[in-house]
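Comments concern the structure below.
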Amino acid sequence: MSEKIIEIGDINPQILYGAGNRVMNHLIKKFPATKIVARGRKIKISGEDQNVRELHSKILDLMEYVRRYGHASEDTIDQLFDSPLMPDTPSDENHKDVIVYGNNGLVVKARTANQRILVNLYDDHDMIFAIGPAGSGKTYTAIALAVRALKNREVRRIILTRPAVEAGEKLGFLPGDMKEKLDPYLRPLYDALNDMIPPHKLSQFMEDGVVQIAPLAYMRGRTLDNAFVILDEAQNTTREQLKMFLTRMGRSAKFIINGDITQIDLPRKNDSGLMSTVKLLEKIKGVGVVMFDNSDIVRHPLVGKIVAAFEKESKTQIEE
């Protein structure tokens, strides 16, 4: 007789055990002669040595599956026993573009040529500028890279920031305290994180400061070490603000700066310092630049047509 205790760590027990313990109960049926007790974040198994070793291996496989895919079912258990491979393991061809596995089986991958360029630049560049139109996946891809870096322990924290610049509305007239006023500006960042990190874990990360979301003004005076930092909506920053932000870069840090120069919301569009900063820094070793275009737009097909129509109108007005 032998006994093993398995710590499930940061895995959500509700996902691992299943609703009403259905997943764990299905596993128990496979080992009727072995005792399994799953409580909280510990699984205790006891029985004959061979059964305990095999069950221990299967539970570790199940845990790895949940880490990668964010879900499990009774079918998952059946596949664990029917195949020596991880259930639903993607082929190398399908796997190569995957950045991170999100919640509820979501697979986040580079879906366009320029998204792949952004992912590839990450390996050799600590600072990347990603410039392009709305819907091209700049922010989503950057956040996926950040979540992957955190999971792989390449960084200790993720910091997401954007300028609180009104897009046709006045911040002061919004109800609530400062956080409530700013949350609508940061909502796209929350949405992306909610796709990729389980809700309970994201809440804990935010409480512990592992994931931080704040307006750009809050970056002043900080040194950002061991962090993956993303500046979103960078077209709404002045050159001085960008200089302030970029010089926050500390040791073992990764910076991605996203912007869309067609959506400048500053009172004077010429005050945007994004493109002048890109031109100033693009030849520095360690700084990468990727220019997204309409072919990268991965929202509804109409979005690409809408962007193209506005661009055509802008060109016509300039020519006139």
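The values are calculated or read from the model by the stated rules, or taken from the named source; none is laboratory data. Keep in mind it's a predicted model, so treat the numbers as computed, not measured. Note that each Cβ is placed from the backbone with ideal geometry, even for glycine, and that neighbours are counted across all protein chains shown. Surface areas here come from the heavy atoms of the whole protein model, side chains and all, with no ligands, DNA or RNA. Shrake-Rupley method; radii C 1.70, N 1.55, O 1.52, S 1.80 Å.
Couple of notes before you dig in:
- Scanning the stretch 1-37 for residues that are more than 21 Å from R67 (Cβ to Cβ) and open to solvent by less than 30 Å² (accessible area, probe 1.4 Å) gives F31, T34.
- Candidates are the residues of the stretch 17-40 that are touching a Gly at 6+ places or on another chain (Cβ under 7 Å) and not in a helix (DSSP H, G or I); the one that is farthest from E7 (Cα to Cα) is A33.
- Selection of the stretch 62-77 for residues being hydroxyl-bearing (S, T, Y) and either within 17 Å of the chain's Cα centre (by Cα) or part of a helix (DSSP H, G or I) (or both) yields Y65, Y69, T76.
- Single residue of the stretch 175-203 satisfying the filter (farther than 22 Å from N12 by Cα and surrounded by 15 or more Cβ atoms within 10 Å (Cβ to Cβ)) that is modelled with the highest pLDDT: L189
- Pair list, Cβ < 7 Å and 6+ apart or interchain, from the stretch 21-50 residues that are closer than 20 Å to L80 by Cα to residues that are of a type in the set (F, W, Y) and open to solvent by 10 Å² or more (accessible area, probe 1.4 Å): V23/Y17; M24/Y17; K30/F81; A38/Y17
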